[in-house]
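One structure is given here, and the rest of the page talks about it.
The values are calculated or read from the model by the stated rules, or taken from the named source; none is laboratory data. Keep in mind it's a predicted model, so treat the numbers as computed, not measured. Every residue, glycine among them, receives a Cβ derived from its backbone with ideal geometry; neighbour counts consider all protein chains shown. Quick note on the areas: whole protein, heavy atoms, side chains included, nothing else; ligands and nucleic acids left out. Shrake-Rupley method; radii C 1.70, N 1.55, O 1.52, S 1.80 Å.
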Amino acid sequence: MRLYISSDMEGVAGVVHEDQTNPVDPGCAAEYQRFRRLMTREVNAAIEGAVAGGATSILVNDSHWSMRNLLSEELHPAAELLSGGPKTWSMMEGIETGWDLAACLGYHAKAGTSPAVLDHTYADVVADVRLNGRSVGELGLNAALAASFGVPVAVVSGDQALAAEAQALLGDRVRTVVVKQAASRQAARSLAPEVACARIREAVRLAVGDAAGGSTPPLFRPDTPILLEVDLQSTSHADQAGMMPGIERSGPRSLSFRHTDYPDAFRAFRTIFNLAGLG
Ligand code: ZN
């Protein structure tokens, strides 16, 4: 069994504030250094579970902000680490190289969810994203990309809002690990890191075992042609990103893009939010 891990940070046990996940502001350094270690521990717990379940190949893609958060010197030796950016497939870089199942760890709910710790969808400029009319966040966008390469998302970890989003999107067979209960955007009641790690370890062990037995959650594959719609926070964001060829201005703050191929729609989304950030 080959396991792919996408590792974000906002959904790690204990994380409730952006100061804890901010790798660039020197004022956040003390908090950030603590929480990147907790992020690394949760990833290592997943790797331990995968090994116990019979995984033979494991790749971890660092998926948060600068994508240079996980402590490589502390990485479990059974896995390889894909670190840094930019990466064409961003939070799912490497998924295209062939995997039996994927785990999305430390994930968070989509922009506009409440209560949910640090809800957002890739960038602050993004208010909502829809695939064929269905609102999705990072989990949905990334699960659809994994599905394009034939890989089901079988395990997710994060807060209760992320778990609910995962079940609505991927069905009951996705294993969800709730490491904290959000009280607001910047408050949560969290498991102790050690307990969170134990639950992640067990969920991944079981998911790898399920996959070895031929049971995985269904692929989240949007019907083609794909209609990607992006609502931005302001008209100036839409002015900037709307200049991209092939983009339609579907509203004052909204852009849409149609394509037959999901990976290209995903790349269009990445380009939209990067351009919008200039607006
Ligand atoms: Zn993140």
> Averaged per residue, what accessible area in Å² does the chain show with a 1.4 Å probe, protein chains only?
Replying inline: 40
>> If I compute solvent accessible area with a 1.4 Å probe over the protein chains, what percent of it on the chain is carbon and sulfur?
In response: 48
> What full-extension length gain, to one decimal in nm, is calculated for Gln233 and Leu71 as 0.36 nm per residue of separation minus the Cα-Cα distance?
Replying inline: 54.9 nm
> What number comes out for the charge environment of Ser190, summing +1 per Lys or Arg and -1 per Asp or Glu over other residues with Cβ under 10 Å away?
Replying inline: +1
> Quick one: helix 138-148 against the long Cα principal axis of the chain, what's the angle to the nearest 10°, folded into 0 to 90?
Replying inline: 80
> Taking the DSSP beta bridges in the chain as the whole, what percent of them are antiparallel, to the nearest 5?
Replying inline: 50
> For the chain, what does -39500 (n - 2.57) per DSSP helix run (n ≥ 4), summed and divided by total residues, give at 222 nm, in deg cm²/dmol to the nearest 500?
Replying inline: -10500 deg cm²/dmol
